[in-house]
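Enquirer: Structure below; questions to follow.
The values are calculated or read from the model by the stated rules, or taken from the named source; none is laboratory data. This one's a predicted model, so the numbers in the text were calculated from it and none came from an experiment. FYI the Cβ positions are ideal-geometry reconstructions off the backbone, even for glycines, and counts take in every protein chain you see. All accessible areas refer to the heavy atoms of the entire protein, side chains included, with ligands and DNA or RNA removed. Shrake-Rupley method; radii C 1.70, N 1.55, O 1.52, S 1.80 Å.
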Amino acid sequence: SAPNAESVVTAMDKFYESDCGQRYPADVALAEQVFNGGYESTHFFLNSYANAAAQQKAAEIFRTCPAALAFLTEMSEAGVVFTMEHLSFPLIAEGDSNQDLAFAKFDVKVAPQNQSAYAMALSKMMNAAAEDIDVRSYGNNLATFGNDRFTNSVYVGAESLTQLESIQQALFAHPAYAAFSKETADIRESVNTTQVLFVKSYPMHEQ
């Protein structure tokens with residue numbers, strides 16, 4: 001929850017100019033949650049790790065590096081409150097989400113025994129819709145840690161909010177979406193839908 005988003009960007013820029021930032025083993029992006037329901041958060045950081053070793057290295061940097069500790073202090077002084085965190089793995093990732101800036105994110109609860117059926121139904125729906133709609137990126141991420149609110153985040157990407165609205169309206173009106181909704185009605189619980197706009201990215205430096 002960031003009352004002053006500009007201060008977050010300033011702190012991030014400063015950290016990435018440091019030696020610790022140069023060694024940070026992940027692609028990172030800062031996103032604004034334009035509409036977020038009742039959640040207290042206003043933004044989120046997306047850290048994309050190649051593997052568990054990279055995640056461990058990142059954790060060590062934030063435990064020991066002076067620039068990282070300074071970053072956390074600056075965030076606190078700017079009134080930033082961390083409200084939620086989770087570790088997810090991509091089950092479906094189609095298209096190049098790095099080329100998109102606006103996203104619709106659907107948080108849902110799906111029981112473990114229904115994960116395969118849900119993923120198959122989602123893929124079937126999106127493949128059918130893509131025959132008639134210019135779909136860009138989409139995916140289904142499984143939250144394996146920190147999943148107290150939801151188990152899956154499904155996303156649909158676009159280059160802009162205007163394009164996202166057009167894609168969403170076309171998807172919701174497509175017969176494949178009606179079939180998907182009926183097929184998964186008993187195995188998923190909708191938790192929240194968020195409109196996301198990415199603000200700035202911090203690509204990993206050469207290691």
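Enquirer: Listed residues 97, 76, 41, 48; which is under 17 Å from residue 193 (Cβ atoms) and either free of Cβ contacts under 8 Å to residues at least 24 places away in the same chain or hydroxyl-bearing (Ser, Thr, Tyr) (or both)?
Expert: Working: 97 fails: under 17 Å from residue 193 (Cβ atoms); 76 fails: under 17 Å from residue 193 (Cβ atoms); 48 fails: under 17 Å from residue 193 (Cβ atoms).
Result: 41 is the single residue among 97, 76, 41, 48 that is under 17 Å from residue 193 (Cβ atoms) and either free of Cβ contacts under 8 Å to residues at least 24 places away in the same chain or hydroxyl-bearing (Ser, Thr, Tyr) (or both).
Enquirer: Tally up the residues in the range 1-60 that are in a helix (DSSP H, G or I), touching a helix residue (DSSP H, G or I) at 6+ places or on another chain (Cβ under 7 Å) and of a type in the set (Phe, Trp, Tyr), please.
Expert: 1
Enquirer: Inside the range 61-105, can you point out the residues that are over 15 Å from residue 153 (Cβ atoms), of a type in the set (Ser, Thr, Tyr) and either assigned to a loop (DSSP other than H, G, I, E, B) or under 21 Å from the mean Cα position of the chain (by Cα) (or both)?
Expert: 83
Enquirer: If the requirement is being at pLDDT 95 or above, open to solvent by less than 60 Å² (accessible area, probe 1.4 Å), in contact with a Pro (Cβ under 9 Å, 6 or more places away or on another chain) and not aromatic (Phe, Trp, Tyr), which of these qualifies: 140, 114?
Expert: Details: 114 fails: in contact with a Pro (Cβ under 9 Å, 6 or more places away or on another chain).
None of the other options fit; the residue is 140.
Enquirer: Are there any pairs with C-beta distances below 7 angstrom linking a residue in the range 168-181 that is touching a residue at least 24 places away in the same chain (Cβ under 8 Å) and within 18 Å of residue 123 (Cβ to Cβ) to a residue that is among the hydroxyl-bearing types (Ser, Thr, Tyr) and open to solvent by 60 Å² or more (accessible area, probe 1.4 Å), with the two at least 6 apart or on different chains, and if so which?
Expert: From residues that are touching a residue at least 24 places away in the same chain (Cβ under 8 Å) and within 18 Å of residue 123 (Cβ to Cβ), the pairs are 171/177.
Enquirer: Only residues in the range 133-159 that are free of Cβ contacts under 8 Å to residues at least 24 places away in the same chain and under 16 Å from residue 121 (Cβ atoms) count as the first member; pair them with residues that are in a strand (DSSP E or B) and open to solvent by 30 Å² or more (accessible area, probe 1.4 Å), Cβ under 9 angstrom, at least 6 apart or cross-chain, and list the lot.
Expert: If the second residue must be in a strand (DSSP E or B) and open to solvent by 30 Å² or more (accessible area, probe 1.4 Å), no pairs are left.
Enquirer: Of everything in the range 162-177, what is under 9 Å from residue 129 (Cα atoms) and either in a helix (DSSP H, G or I) or in contact with a Leu (Cβ under 7 Å, 6 or more places away or on another chain) (or both)? Give them in sequence order. First the steps, then the outcome.
Expert: Initially, the range 162-177 is screened for residues under 9 Å from residue 129 (Cα atoms), giving 170-171, 174-177.
Scanning the range 162-177 gives 170, 171, 175, 176, 177.
Enquirer: List the number of the failed condition for residue 20; all other conditions in (1) closer than 15 Å to residue 81 by Cα; (2) surrounded by 15 or more Cβ atoms within 10 Å (Cβ to Cβ) hold.
Expert: Here residue 20 clears every test but (1).
Enquirer: I'm trying to understand the selection: among the residues of the range 20-38, which are among the small types (Gly, Ala, Ser), under 15 Å from residue 105 (Cα atoms) and touching a Leu at 6+ places or on another chain (Cβ under 8 Å)?
Expert: Kept after step one, since they are among the small types (Gly, Ala, Ser), are these residues of the range 20-38: 21, 26, 29, 31, 37-38.
Pick out the ones that are also under 15 Å from residue 105 (Cα atoms) and you get 31, 37-38.
Residue satisfying the conditions is 31 alone.
Enquirer: Kindly provide the set of residues from the range 174-197 that are open to solvent by 50 Å² or more (accessible area, probe 1.4 Å) and of a type in the set (A, V, I, L, M, F, W, C), ordered by number.
Expert: Selection gives 178, 179, 185, 191, 197.
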